[in-house]
Amino acid sequence: MFFQQILNGVTVGGVYALIALGYTMVYGILELINFAHGEIYMIGAYLGIIFIGIFTVIGLTQYSIPLAILLSFILSALFCSAYGFTIEKLAYKPLRKAPRLSPLISAIGVSIFLQNYVMLTQGATDKVFPHILETTKIEFFNLTITTLQVFIIITSLLLTGLLHLYVMKTKTGKAMRAVAQDKVMASLLGINIDRIISVTFIIGSGLAAVAGMMVAMYYGLVNYSIGYIAGIKAFAAAVLGGIGSIPGAMLGGFILGIVESLAASYLSSEYKDAYAFVILIIILLIKPRGLLGKSQ
Amino acid sequence: MLLLKDIYTFYGHIEAIKGIDIYVNKGEIVCLIGSNGAGKSTALMTISGVLKSKTGSITFEGEEIHRMLPHRIVAKGISQVPEGRRIFPKLTVRENLEMGAYTKSSKLRVKSEKLKRQYDKVYEMFPVLKEREKQMGGTLSGGEQQMLAIGRALMSKPKLLLLDEPSLGLAPIFVGKIFKTIKELNAKGLTILLVEQNARAALKLAHRGYVMESGRIVKEGEGKKLLHAPDIKRAYLGE
Ligand SMILES: Nc1ncnc2c1ncn2[C@@H]1O[C@H](COP(=O)(O)OP(=O)(O)OP(=O)(O)O)[C@@H](O)[C@H]1O
Ligand SMILES: [Mg+2]
């Protein structure tokens, strides 16, 4: 039971981690809490359903289901990247020199707008993710894990690892770190700040889309409001791990998922959504900058 | 090579530069001296495009650059070592240099054969940077940071180097080394616009100089002449 809950927690935690990466990257560079990020995740889930639907109609799912799913992931990530790119250009960039509170309020505005936009175009009721993939159960030592869970855990670990490598090793990744530390200096060295910020939004939004589609497959249902709670929890995960830190976001996501899953089964599942914040408060009291946050 | 005409720069409503004209010829060392708050750093930031002038124009090699974004101006061949060095503390020494080479390196990779020579040149000039290659920038001493800042600015192979108080806060032995480096770079063909508090050393080194006071140029002329002008002696050389 205990280890079973940990397994389930790691699965959800992987999803939180993927969303948390977007928060942490944007915060690291702009010191902005991008409240619209949860909505990108929600849109990613919807797009997943839409693309699977399209592939069913054109018969691709009959040809190869894994291919249809893979293509849906890629297209959903691309569309969400376009959303993230556009949101930054329209809602945040014009406010870059404004007081800190202004882009924050703009972010809340974008979030509310996107929720309503999806509600109006997709309806207020739950949408079902078509059950096209048979997941098999793997049993070992009394524990059960589905192939879908394995897929979610591996995907989130792999994407986090790739992002970490990208930021540490590539030219653009290093420039992202430079911009996060000193924007003016970065521009004095010839780094195009606007481009780096766009890349940050594109990557973060793509990862959120992957998370959204995985959740849609895992729970089978999506709703226009799922971005709100998931967004706040992923933000909590980012803060927990140390905002601005990529390994921190991953660690925070997994801890949050595990704690939530254990608490829901041993304490009470009624308060499931509150445990994330209890653990956040406890850790911030001990380590105000988060687990892997930089001390100053 | 560089020509500033009728430049007015504001911070909000504060007028920091009140109409200055400056020119720098190819191959020159030109120095800009003046007391604290005169607007020297503001002038350099305006050249680099970080701050924008309300009026006038800045041309570099015949091309107007005052509407360009800072990264475009770097690509044109103007590099700045700003006041306070501004080393990236959480990047290694090597990564700091790689960022300096940002405009010269290929899209994906920071390494290339062509660039290797430039790294070697900088390491030859400042061997300590080679020793500290893997260390975080923030852990270097002030003097080492200044060397890194200059080395980093050279990585983009600039035609014009803007230096903002490179000797500030350094021990005399380092100050001497920095001024020697400036002289050597100039001898190799680099044009330099130098902002300095250390007016005596700067005027000795420079071909020409400008004196700034509360946002205006109050005097200009050959370095040696300024060095011996009575009013300059009194105000800036403490004689
Ligand atoms: N960010 C800013 N906001 C408002 N005013 C500023 C800002 N930066 C500089 N100033 C003002 O502009 C004027 C010129 O400043 P600047 O930094 O260019 O002087 P400086 O000649 O470089 O001085 P120092 O020798 O002390 O470095 C000063 O009066 C300063 O107070
Ligand atoms: Mg200054």
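The values are calculated or read from the model by the stated rules, or taken from the named source; none is laboratory data. Since the model is a prediction, treat every value here as computed from it, not as a measurement. Neighbour counts run over all protein chains shown; Cβ positions are idealised from the backbone, glycine included. The accessibility values were calculated without ligands, DNA or RNA, using every heavy atom of the protein model including side chains. Shrake-Rupley method; radii C 1.70, N 1.55, O 1.52, S 1.80 Å.
Quick look at the numbers
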read-out: Burial ranking of peptide ranges A:167-176, A:252-261 (average Cβ count within 10 Å, highest at the top); value: A:252-261, A:167-176
read-out: Gap separating the Cα centres of the range B:156-230 and the range A:92-152, nearest whole Å; value: 57 Å
read-out: Chain B - percent relative contact order, Cα under 8 Å, separation 6 or more; value: 27 percent
read-out: Where the range B:1-86 is the region considered: accessible area per residue in Å², 1.4 Å probe; value: 43 Å²
read-out: From the C-alpha gyration tensor of the range A:1-111, square roots of 5λ in Å; value: 31, 21, 10
read-out: Rounded to whole Hz, the Karplus (6.51, -1.76, 1.60) HN-Hα couplings of the range B:59-64, x for glycine and proline; value: 10, 10, 6, x, 10, 6
read-out: Hz values of 3J(HN,Hα) by residue in the range A:243-251 - Karplus curve (6.51, -1.76, 1.60), Gly and Pro given as x; value: 5, x, 9, 6, x, x, 4, 5, 4
read-out: Computed over the range A:2-286: relative contact order in percent, which uses C-alpha pairs under 8 Å that are six or more apart; value: 42 percent
read-out: Sulfur and carbon atoms: percent of accessible area, the protein assembly as shown [1.4 Å]; value: 63 percent
read-out: Between the range A:19-34 and the range A:234-278, the Cα center-to-center distance that results, in Å; value: 17 Å
read-out: Whole-number percent relative contact order across the range B:132-239, with pairs defined as alpha carbons under 8 Å at least 6 apart; value: 19 percent
read-out: Spherically averaged projected area of the range A:36-171 from its Cα convex hull (nm²); value: 12.4 nm²
read-out: Convex hull projection area averaged over all views, the range A:184-244, Cα basis, nm²; value: 5.6 nm²
read-out: Gyration tensor verdict on the range A:177-296 (Cα atoms; rounded if a/c is under 1.5, prolate if a/b is larger than b/c, oblate otherwise); value: oblate
read-out: Placed amide H near B:GLN80: partners under 5 Å, 5+ positions off or other chain; value: B:LEU162
read-out: Column: log10 I(q)/I(0), Debye, Cα scatterers of chain B, q = 0.15 Å⁻¹; value: -1.04
read-out: Coil-residue trypsin sites (Lys or Arg not before Pro) of the range A:78-138, DSSP, other Cβ within 10 Å capped at 15; value: A:ARG96, A:LYS97, A:ARG100
read-out: Shape of the range A:108-224, Cα gyration tensor, a/c cut at 1.5; value: oblate
read-out: Histogram of C-alpha separations across chain A, 5 Å bin width, %; value: 1, 6, 11, 16, 18, 17, 13, 9, 5, 2, 1, 0
read-out: Karplus 3J(HN,Hα) series, Hz, for the range B:187-201 with 6.51 cos²θ - 1.76 cosθ + 1.60 (x for Gly, Pro); value: 4, 7, x, 7, 7, 9, 10, 10, 9, 9, 7, 6, 4, 4, 4
read-out: Built amide H within the under 5 Å cut-off of A:LEU292, gap 5+; value: A:GLY242
read-out: Interface area, B with A, accessible, probe 1.4 Å, both sides summed, Å² nearest 100; value: 2300 Å²
read-out: Equivalent ellipsoid dimensions for the protein assembly as shown as semi-axes, Å, which come from the Cα gyration tensor, largest first; value: 54, 23, 21
read-out: Dipole magnitude of the protein assembly as shown, debye to nearest 20 (Cβ charges: Lys/Arg +1, Asp/Glu -1, about Cα centre); value: 1880 debye
read-out: The range A:155-212: C-alpha gyration tensor shape, a/c 1.5 cut-off, then a/b vs b/c; value: prolate
read-out: Accessible area expressed per residue, the range A:2-286, with surrounding protein chains retained (probe 1.4 Å, Å²); value: 43 Å²
